[in-house]
Structure formats: C-alpha cells, structure tokens
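Before any comments, here is the structure.
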Amino acid sequence: MSRANALPLPVTPTVAASSLPASRTAARSRWREAALPWLLPLALLGVWQLGVVQGWVSPQVLPPLAYVYDTLVELGHSGDLWLNASASLQRVLVGFLLGAGLGLLLGAAMGLSPRLKGLLLPTFNALVQIPVLGWLPFALLLFGIGEPLKYVLIAKAALVPVTLATVQLFQEAPQRLVEVARVNGFSQRQIVTNVILPAGIPALFTGLRLGFTKAWLSLVVVELVASSEGLGYLIVYGRQLFQLDLVMAAVVIVGAVGYAIDRLFDTFERRLQRGWPTGGNR
Amino acid sequence: MTTVAAPTWSSATRGAWVPVLALAGWGLWAALDETPSPLLVSPAQVAATAWDLLASGQLWRMLAASLARNLSGFAIGTLGGLVLGYLLSQSRLFERLVGPSFNTFKQVSLFAWIPLISVWFGLGDVAKVVFLSLAALVPVTVHTCDGLRGVPPSLLEVARVYGYSRRQTLWEVMVPAALPTLFTGVYLALIYSWLATIGAEYLLVSGEGIGNALIDGSEHFRMDLVLVGMLVIGLVGGLLNLFTRRLERRLLRRYGR
C-alpha cells in the first residue's frame, strides 16, 4: 500500500517502466489493473460459497449462490421479474414526473418573485425536515394503501431537490450577464429564457438527477411498507417466507436498475454539458 | 418583480404567514366539521397529545432511545467512512481493489438492505445500528475521498519541500484544505442517519422510539399521535441541521479559512 502512497498524483506505474520489454510490462500491469477490482467481490463470493459448502452457516441465513442464481433465472422465465419491475418503474416514473414538474413550477415561481419566496420558503424548508418515512403514516391515513399513496410519496421525494435546485438557479444567475442583458434592453422574460436558463441548465440537471435518486430510494421504502407488487414487495415477500435467495435476487435487481438509471443520467449529463457552451461560464 | 421587500414586512414575519394561516384554517375546519372523523383532529387535540406525551415522560424516553441509536450508528459509520475515504484517496492499489465494489454497493437503495439485515442481525438494536452505520458510511466515504483527492498538488509539494512527515502532511495540510468537503460528508451522514433511524424503527419493528410512535398512531388510526411524531422528527432533524452548520462555521473559522 505504501508503494503507491508517495504522492496522490495520477501517475500510472506503466509510465515509469522504460526498459526494452516495456510493452510486455505495460500489458501485464494493464491486465492487473483490469483484474484488481474483481478481487474483492470474487473473494467475498468465494467465502460465501465456502461457508455454505462447509456448513458454517445455515442456508436459511445465507442461501447458496446457486440458489440465488436459480431464483434470478426463474424470476426472469416466469415473467414475475418483468411484472414487478414494470410496476416499480411505472410508479417511480409517474411519481418523479409529478414531483419534478411541480418542483420546477414551484421553484420558478419562488425564483421569479422574491415576495413569494419570502412567504413560502421558510415553510417549505421546515416541511423538508420531515423525511419520507415520517410522511408515510400520515399519507397512509389520508390516502389509504393504494397507488395514490405511492405516487404522492415518490413525488414528494423528487419535488424537494428539484424545487431547491430551481430556486438556486435564479438566485445564482450570473449577475454580470443579467446586467448586460438589462442594459441592452432585454425584457424580464428574455432575461429568463436567454440568460438565466442557459447558464443554469447543468445545475438544474443535477437537481433533477438527485430528485430521481431520491424517488428511487422512496419507491423501495414505500414498496417495503405497503404494496402487493413491485421490486420492494418481492423483497418483503421473500423475507416473510424466509426465502433469502429471493430477497437477494430482488436486492440485486433493485441495485442493477438503480445503477442502469444512474449510468443513463450520467451519459445524458455529459452530452448536455458538451452541447452547452455557456454552461460553465459563470 | 425584482424590487426589494417592502420595509414594513421583515422576512421573518413574512415567512410565518403561511404556517399561521394554515394552522388557523385547520383549526377552523376542525371546529366547523360536525362529522366525527379519526382523520380530522383539531390542533388543540394534537397539542394535548403532545403535552400528555411530554408530561408522562414517554416522549423523552422515545426520543432518547432514537437519538442513542442515531448517534452510535452515525459515529461508527462516520469513523469507518473517514478511514475508507482516506484509504481510497491515498492508495491506488486500495482504490483499484475496493473502489468499484464500493461504487456498486452504494447504488443499491439503502433500505433494500433491511430485510437481509433483519435476518442476519435480528430486529433489535444491533440490527438498527448496523443499518445506521451503513447509512452514514456512504456519504462520508465519498466526500472524504473527493476532498482529500482535491487537495492542490502545490500544497503537497510545499509540505514535501519543508520535509513534513506523512502525519504532519495529513493533519496540517490535507485535512485543513479538504475540511469543507469533509464536512459536507459528515453533514449528509447526520441527515441520512436520522432518516435511517426512522426507517429502521419503521421496518425493524421492535423496542421503543419515535418511529414506533408513528406506527402505533397509524395502526390505531390516531392522527394526533402521527402528527406529534412527525413534528418531533422534523424538529430533531432541524436541530441537528442547525447544530452541524454552527459547528462547521466554527471549525472553518478556526482553521483560518
């Protein structure tokens, strides 16, 4: 560990090798670079499998790897996977669109009118302190256990970061640019659409992304507590039957979907930043 | 639109309008609505329930139980996160070994771990603290790693020229330079772990805590209890928030930034 510790500069060891068989060392170290990240997961899986085979833990506490794999395949074959995943995705999409849309409106309203902001923002900030799980019993009594409950809670989770990001967008608008626009006789609307929005798009996107992450997190929570289908329900169902293979398979799916969505946002964000020359220009 | 606020309205009183009006409207509605409904409780009833809980000491017991869990989980998670973040930022080997696994791990929605934790650790305090530490670990690790990596190389070079030892470099150069980012991680960890405390009490039902009061309230159709619980959760969250901001400002001032 101490070898690479001297300076945290991104100097790869491949650069340092300068002797004749450099290409071979380079290839070998590149291979090692690619292999290293797999070491830990493989070791964990190995210990897991070993523990099961040797009977250190009962299969009820830690099911054999093969079971989890079989369960995953079976879920895919029987169509249960698609049924539950699509239920979850639909919930998260509807909730997110509702929450993000409302958040954009609310944030823009507060951003445009300082008076409204003074009126609403303190209350908003106070309500934000209560996490989704705090709202859950309240919403449960109010809306019952059906779909609206899920939409409302997911929308609430997405609403908060989007609203705050939108308010900030107006607050941190590049004053110099706004002044120039004003001197040039831009109307208020022109200033918003031509100056403030373009400059703030990346920040706004970060807010939307955070909103989606929160929405996904809340989805799992809501489905864990109150649902009869969905990925979170699969987890609870497996837990109730003490089928840990099902629980783990469902956790893997939840993780994979979350990861895929995150990647998607990442690619989109990068493309957006490339195509938006004014973005970094504060 | 961009005019300054009217001088007669200070910002504090203006912010109070909405809650006051909402409270008045709620009270009026509760007073006028004749049909008895367990959902529509009057503000007075909520206040009475809050007072009962306070006077009987039950609220303090619940709050103490929740906070004790919250803080122990937070402390363990933060400590682990600081160490993990340091190692990830300083050792390339460690980063290659653990980094990708960690990044995958943090993608899994936190609450999805609860059923597994409940099988492995039961429903008691151990399981809750494990869950809370996980909640605190992730943001601290990410921000510690980012912060330490973001220390300007020029500062490190100066430290090297002056012959600082590794420890001196860490405490006198890197930590002060990375302090704002480190603090963001700790701050997020505090918020996450409070959220996770409620979640743990909600999903690993056993023992006493604020989250359990919420469940009781919703199971017995007692909206007043639910509202008191929400109020307390919000208040504690707000206070933790405030406290951390204060601490952050003081620390930053002390390090002369």
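The values are calculated or read from the model by the stated rules, or taken from the named source; none is laboratory data. What you are looking at is a predicted structure, and each value in this text was computed from that prediction instead of being measured. Don't worry about glycine lacking a Cβ; one is built from the backbone with ideal geometry, like all the others, and counts go over all protein chains shown.
Taken over the stretch B:216-241, residues that are at pLDDT below 80 and among the β-branched types (Val, Ile, Thr) amount to 0.
It is to be established whether one or more residues within the stretch A:185-199 are within 14 Å of chain B (Cβ to nearest Cβ), in contact with a helix residue (DSSP H, G or I) (Cβ under 6 Å, 6 or more places away or on another chain) and among the aliphatic types (A, V, I, L, M). Scanning the stretch A:185-199, I find at least one residue that is within 14 Å of chain B (Cβ to nearest Cβ), in contact with a helix residue (DSSP H, G or I) (Cβ under 6 Å, 6 or more places away or on another chain) and among the aliphatic types (A, V, I, L, M), so the answer is yes. Screening the stretch A:229-242 for residues that are more than 24 Å from the chain's Cα centre (by Cα) and at negative phi and picking the one that is surrounded by the most Cβ atoms within 10 Å (Cβ to Cβ) gives A:GLY238.
Exactly one residue out of A:PRO137, A:PRO161, A:PRO174 is in contact with a Gly (Cβ under 7 Å, 6 or more places away or on another chain) and over 19 Å from A:LEU208 (Cα atoms), and it is A:PRO137. For the stretch B:104-126, enumerate the residues that are within 19 Å of the chain's Cα centre (by Cα) and touching a residue at least 12 places away in the same chain (Cβ under 8 Å). Of everything in the stretch B:104-126, those that are within 19 Å of the chain's Cα centre (by Cα) and touching a residue at least 12 places away in the same chain (Cβ under 8 Å) turn out to be B:LYS106, B:LEU110, B:PHE111, B:TRP113, B:ILE114, B:ASP125. Please specify each residue of the stretch A:65-95 satisfying the condition of being polar (S, T, N, Q) and crowded, with 20+ Cβ neighbours inside 10 Å. Residues satisfying the conditions are A:THR71, A:ASN84, A:SER88.
Matching residues to (1) touching a helix residue (DSSP H, G or I) at 6+ places or on another chain (Cβ under 6 Å); (2) modelled with pLDDT under 85; (3) facing another protein chain (nearest Cβ under 10 Å):
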| residue | (1), (2), (3) |
| --- | --- |
| A:GLY99 | yes, no, no |
| A:LEU102 | yes, no, no |
| A:GLY107 | yes, no, no |
| A:ASN125 | no, yes, yes |
| A:ILE130 | yes, yes, yes |
| A:LEU140 | yes, yes, yes |
| A:PRO148 | no, no, no |
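Of the helices (runs of 4 or more DSSP H) lying entirely inside the stretch A:122-220, the ones with 3 or more residues being β-branched (Val, Ile, Thr) and under 24 Å from A:ARG271 (Cα atoms) are found at A:147-171.
Restricted to the stretch B:221-257, and to residues there that are among the aromatic types (Phe, Trp, Tyr) and over 20 Å from the mean Cα position of the chain (by Cα), the residue that is farthest from B:ALA189 (Cα to Cα) is B:PHE221.
Within the stretch A:209-219, the set of residues being facing chain B (nearest Cβ under 10 Å) and more than 14 Å from A:PRO131 (Cα to Cα) comprises A:THR213, A:TRP216. For the stretch B:17-119, the helices (runs of 4 or more DSSP H) that sit wholly inside it and include 3 or more residues that are crowded, with 18+ Cβ neighbours inside 10 Å and more than 13 Å from chain A (Cβ to nearest Cβ) are B:43-56, B:58-90. Checking each residue in the stretch B:214-244 for being in contact (Cβ under 8 Å) with a residue 24 or more places away in the chain and either surrounded by 19 or more Cβ atoms within 10 Å (Cβ to Cβ) or among the basic types (Lys, Arg) (or both) picks out B:ARG222, B:MET223, B:ASP224, B:LEU225, B:LEU227, B:VAL228, B:VAL232, B:ILE233, B:VAL236, B:GLY237, B:LEU240.
Residue count for the stretch B:209-257 under the criterion of being under 22 Å from A:LEU141 (Cα atoms) and either in contact with a Cys (Cβ under 8 Å, 6 or more places away or on another chain) or charged (D, E, K, R) (or both): the result is 4.
Here is a check on your reading of the model: is A:GLN240 free of Cβ contacts under 8 Å to residues at least 40 places away in the same chain and either out of contact with any strand residue (DSSP E or B) (no Cβ under 9 Å at 6 or more places or on another chain) or of a type outside the set (Val, Ile, Thr) (or both)? Walk me through it before giving the result.
Working: free of Cβ contacts under 8 Å to residues at least 40 places away in the same chain: yes; either out of contact with any strand residue (DSSP E or B) (no Cβ under 9 Å at 6 or more places or on another chain) or of a type outside the set (Val, Ile, Thr) (or both): yes.
Answer is yes for this residue.
Selection of the stretch A:257-275 for residues being hydrophobic (A, V, I, L, M, F, W, C) and at pLDDT 80 or above yields A:VAL257, A:ALA260, A:ILE261, A:LEU264, A:PHE265, A:PHE268. Only one entry in A:LEU72, A:LEU83 is assigned to a helix (DSSP H, G or I), at pLDDT 85 or above and either among the aromatic types (Phe, Trp, Tyr) or under 30 Å from A:VAL152 (Cβ atoms) (or both), namely A:LEU83. Against the test of being more than 26 Å from B:VAL175 (Cα to Cα), over 21 Å from the mean Cα position of the chain (by Cα) and of a type in the set (A, V, I, L, M), the options B:ALA64, B:ALA30, B:ALA68 yield a single qualifying residue, B:ALA30. In this structure, does A:VAL183 turn out to be at pLDDT 85 or above and surrounded by fewer than 18 Cβ atoms within 10 Å (Cβ to Cβ)? It is true that A:VAL183 is at pLDDT 85 or above and surrounded by fewer than 18 Cβ atoms within 10 Å (Cβ to Cβ). Among the candidates A:LEU119, A:LEU62, the residue that is surrounded by 15 or more Cβ atoms within 10 Å (Cβ to Cβ), assigned to a helix (DSSP H, G or I) and of a type outside the set (Val, Ile, Thr) is uniquely A:LEU119.
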